[in-house]
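Q: Starting off with a structure, shown below.
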């Protein structure tokens with residue numbers, strides 16, 4: 001299990017593999033912002049636009065590799081406002097269906113959390129479909145649910161589903177308690 005941080009050039013270079021992961025994730029029913037069936041060209045275009053955010057420092061992206069294949073990814077989105085630089089949003093934690101159940105989700109989540117602390121972030125937040133398998137991962141990793149918003153986002157089948165918002169204090173903030 002190897003996880004590496006991707007810079008702008010690497011996101012562009014691996015956009016095809018990342019797009020395949022996104023298509024697989026949506027095809028597997030995960031609510032990550034896209035409807036099924038996801039056109040591979042749309043997934044590729046979406047990943048290519050992420051490179052701009054990486055170059056600007058607004059987004060950090062990690063990819064996990066099983067051999068040479070991208071098995072998963074996770075990102076942190078950093079706010080651009082001065083009063084919110086202590087926090088980041090965990091976004092697009094995805095694990096290929098063929099790699100699930102082997103600890104990739106936890107490894108990617110831990111990687112993003114450690115990187116957040118190293119960047120001086122003390123508060124992380126995310127949202128995920130209520131009742132999804134991802135909720136078990138976040139709860140087991142110590143994330144706190146804030147509540148659910150009904151009908152917040154459509155799942156890949158286009159059905160509006162509730163979304164649960166989570167947060168986690170990390171680094172010095174978590175130590176202070």
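The values are calculated or read from the model by the stated rules, or taken from the named source; none is laboratory data. From a predicted model like this one, the values you see are computed outputs, not experimental measurements. Glycine also receives a Cβ, built like all others from the backbone with ideal geometry; neighbour counts cover every protein chain displayed.
Q: Do you know which residues across the range 134-152 are within 17 Å of residue 91 (Cβ to Cβ) and surrounded by fewer than 16 Cβ atoms within 10 Å (Cβ to Cβ)? First the steps, then the outcome.
A: Going through the range 134-152, the residues within 17 Å of residue 91 (Cβ to Cβ) turn out to be 134-135, 137-138, 141, 143, 146, 149, 152.
Hits for the range 134-152 are 141, 146, 149.
Q: OK, next. Quick check: is even one residue across the range 66-83 in a helix (DSSP H, G or I) and over 13 Å from the mean Cα position of the chain (by Cα)? Working first, answer last.
A: Kept after step one, since they are in a helix (DSSP H, G or I), are these residues of the range 66-83: 82-83.
Now drop any that are not over 13 Å from the mean Cα position of the chain (by Cα), which leaves 82-83.
For the range 66-83, residues in a helix (DSSP H, G or I) and over 13 Å from the mean Cα position of the chain (by Cα): present.
For (1) farther than 24 Å from residue 19 by Cβ; (2) under 15 Å from the mean Cα position of the chain (by Cα); (3) not in a helix (DSSP H, G or I), each residue gets a yes or a no:
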residue: 102; (1), (2), (3): no, no, yes
residue: 108; (1), (2), (3): no, yes, no
residue: 111; (1), (2), (3): no, yes, no
residue: 117; (1), (2), (3): yes, no, no
residue: 125; (1), (2), (3): yes, yes, yes
residue: 128; (1), (2), (3): no, yes, yes
residue: 135; (1), (2), (3): yes, yes, no
residue: 142; (1), (2), (3): yes, no, yes
residue: 150; (1), (2), (3): yes, no, yes
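Q: In the range 25-63, what residues are assigned to a helix (DSSP H, G or I), more than 24 Å from residue 163 (Cα to Cα) and touching a residue at least 24 places away in the same chain (Cβ under 8 Å)?
A: 44, 48, 51, 52, 53, 54, 55, listed by residue number.
Q: Might you check whether a residue that is closer than 20 Å to residue 3 by Cα and either touching a helix residue (DSSP H, G or I) at 6+ places or on another chain (Cβ under 8 Å) or surrounded by 13 or more Cβ atoms within 10 Å (Cβ to Cβ) (or both) occurs anywhere in the range 40-47? Walk me through how you get there before you give the answer.
A: The first filter runs over the range 40-47 and keeps only residues closer than 20 Å to residue 3 by Cα, leaving 47.
Now drop any that are not either touching a helix residue (DSSP H, G or I) at 6+ places or on another chain (Cβ under 8 Å) or surrounded by 13 or more Cβ atoms within 10 Å (Cβ to Cβ) (or both), which leaves 47.
The answer is yes; a qualifying residue exists.
Q: Yes or no: residue 94 closer than 23 Å to residue 124 by Cβ and surrounded by fewer than 19 Cβ atoms within 10 Å (Cβ to Cβ)? Give the derivation first.
A: On the way: closer than 23 Å to residue 124 by Cβ: yes; surrounded by fewer than 19 Cβ atoms within 10 Å (Cβ to Cβ): no.
So residue 94 does not fit the description; no.
Q: Let me ask something else. Note down all Cβ pairs under 9 Å where the first residue falls in the range 136-147 and is closer than 17 Å to residue 110 by Cβ, the second is at pLDDT below 95 and surrounded by 13 or more Cβ atoms within 10 Å (Cβ to Cβ), and they're at least six residues apart or on different chains.
A: That search, which allows pairs on different chains as well, returns 142/174.
Q: Being crowded, with 18+ Cβ neighbours inside 10 Å and either over 22 Å from residue 139 (Cα atoms) or modelled with pLDDT under 95 (or both): is that true of residue 70 here? Give the derivation first.
A: On the way: crowded, with 18+ Cβ neighbours inside 10 Å: yes; either over 22 Å from residue 139 (Cα atoms) or modelled with pLDDT under 95 (or both): yes.
Criteria met by residue 70.
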